[in-house]
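The numbers here are math on the coordinates, done by the rules we state, and not lab data. Computed from a predicted structure; not experimentally measured. Please note: Cβ atoms are built from the backbone with ideal geometry, for glycine as well, and neighbour counts cover all protein chains shown.
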Amino acid sequence: MQNLPALTLYLAAPRGFCAGVVRAIRIVEQALEKWGAPVYVRHEIVHNRYVVDGLRAKGAVFVDELDECPDDRPVIFSAHGVPKSVPAAARARNMIYVDATCPLVSKVHIEAERHHQNGLQMVMIGHAGHPETEGTMGQLPPGEVLLVETVENVAGLAVRDPEKLAYITQTTLSVDDTADIVAALKARFPAIIGPHKEDICYATTNRQQAVKEIAPKADAILVIGSPNSSNSKRLVEVARAAGCRHVELVQRAADINWRALAGIASLGLTAGASAPEELVNEVIEAFRARHDVTVEQVETARENVEFKVPRVLREKERA
C-alpha cells in the first residue's frame with residue numbers, strides 16, 4: 001500500500017444543521033406525508049442545493065413567488081421568513097400554508113413590531129436582497145426600516161428622529177463585523193435602542209467561534225455550504241480574519257480544489273447551518289483517499305436546541 005501524506009483534520013464542533021434548519025426540513029417532509037405531493041415551497045426552504053434536491057425528489061416544488069402556486073395545494077414559507085404581505089395573500093386565496101420561519105428570525109420580527117408600536121424607526125443591519133432581510137423589513141410599512149450593510153453606511157443614514165431609533169440584525173451575520181456597525185450606530189445615535197438579547201443566532205455564533213479556534217493552526221480551511229448561504233459565507237470571512245491564509249467555500253467533495261491544497265499538513269473543516277452531515281463525511285472520505293488522516297474534533301460549544309413543528313402538522317386530519 002502506498003504511503004499517504006499525513007494530514008491532521010481539525011473538525012469544527014458545532015457545525016452543520018442548526019435547530020431552525022432541522023425544523024424547516026421536517027416541516028416539508030411532514031407536509032408531504034400529511035397532504036401528499038406536490039407541496040409548494042416559496043423560495044429554497046434552506047440555502048443548500050443537496051437538501052433542496054432531496055426534497056424535490058420527494059415531491060416538493062420550489063417557486064420564487066406565491067403567484068406560481070395553485071390555490072388547492074399547500075404552500076410552505078422558507079426558514080428565512082417572509083414579508084407580512086405573503087401570508088396575507090395566501091389567506092386571501094384560502095390557501096393552506098405553513099410558515100417554516102426559524103423561531104429566532106420570528107423573534108426579530110416581533111421585536112421590530114414592538115419597537116414600531118412604540119413609535120421607533122428601525123435600523124436593520126443585514127445584507128440587501130437576502131430573503132431574511134427582505135422578510136424582516138417587510139414586517140413594517142415602507143420607510144420604517146432602514147438597512148445598513150457596513151460601518152460606512154451608518155454615516156449616510158437619514159433618520160426621522162435620532163431620539164426614536166432602535167436596531168435589529170439579520171441572524172446570520174459575522175459577530176465581529178456586526179459589533180463594529182453597532183458601535184458606529186451608538187456613536188452617531190446615542191439614544192438608539194438595541195435588542196434585549198443578541199439577534200445573531202446561537203448557531204451562527206457557535207460556528208464562527210469554532211472556526212476562530214481552528215484558523216491559527218490550520219494550513220487551510222474548507223467550509224461546506226452553498227454560495228447563497230449567508231452564514232456559510234460569513235464562516236469563510238471569519239476564518240480568513242482569524243488568520244487562516246487559504247479558505248474555500250465548497251458545496252461538496254467534487255468541488256475541492258486539490259491543486260490549491262497540495263502539500264498541506266493540517267486542514268480545518270466546518271459546515272454552514274444548512275449543510276447536512278452527509279456532505280461533511282463525504283469530504284472527510286475524499287481526504288482519506290489521498291492522505292493518512294487523523295481527525296481532531298475542536299468543540300467550543302454543545303447545542304441541544306430543538307424547535308417544534310407548527311401545530312397544523314401535529315394535528316390529525318378530521319374525518
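Summary table
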quantity: For the chain, the longest site-free run once trypsin sites (Lys or Arg not before Pro) in DSSP loop states with at most 10 other Cβ atoms within 10 Å are removed; calculated: 1-196
quantity: Karplus-derived HN-Hα couplings along segment 277-289 (A = 6.51, B = -1.76, C = 1.60, θ = phi - 60°), whole Hz, x at Gly and Pro; calculated: 4, 4, 6, 5, 4, 4, 5, 4, 5, 5, 6, 4, 6
quantity: Phi-based couplings in Hz for segment 68-80 (Karplus 6.51, -1.76, 1.60; Gly and Pro marked x); calculated: 7, 9, x, 5, 9, 10, x, 10, 10, 9, 5, 5, 7
quantity: Neighbour net charge for MET137 - beta-carbon separation under 12 angstrom, K R +1, D E -1; calculated: -2
quantity: Members of LYS84/LYS212; LYS34/LYS308; LYS107/LYS308; LYS107/LYS164; LYS34/LYS197 lying beyond 26 Å, as alpha-carbon distances in this model show; calculated: LYS84/LYS212; LYS34/LYS197
quantity: Evaluated over segment 19-102, the Cα radius of gyration and Dmax, each in Å; calculated: 11.5, 33
quantity: Restricting segment 269-308 to GluC sites (Glu not before Pro) in coil, as DSSP defines it, with at most 11 other Cβ within 10 Å; calculated: GLU306
quantity: Candidates per GluC sites (Glu not before Pro) in segment 1-105, loop by DSSP, up to 12 other Cβ within 10 Å; calculated: GLU65
quantity: Amide H contacts under 5 Å for LEU249, placed H, 5+ residues apart; calculated: VAL223
quantity: Amide H contacts under 5 Å for LEU147, placed H, 5+ residues apart; calculated: MET124
quantity: For segment 1-131, size of Cβ-based charge dipole, Lys and Arg +1, Asp and Glu -1, in debye; calculated: 340
quantity: GNM top mover of GLY243, GLY143, GLY194 - the chain, alpha-carbon springs below 10 Å; calculated: GLY143
quantity: Note, ³J(HN,Hα) from phi for segment 189-201, Karplus 6.51, -1.76, 1.60, rounded to Hz, x at Gly and Pro; calculated: 10, x, 8, 4, 9, x, x, 4, 10, 2, 6, 4, 6
quantity: Estimated D of segment 104-188 in µm² per second, where Rh is the Kirkwood radius over Cα pairs and Stokes-Einstein applies at 25 °C, 0.890 mPa s; calculated: 191
quantity: Hull volume in cubic angstrom per residue (convex hull over the Cα atoms of the chain); calculated: 152
quantity: For segment 185-224, radius of gyration divided by Kirkwood radius, i.e. Rg to Rh on alpha-carbons; calculated: 1.21
quantity: Theoretical ellipticity at 222 nm over the chain - DSSP helices of four or more residues, -39500 (n - 2.57) apiece, nearest 500; calculated: -11000 deg cm²/dmol
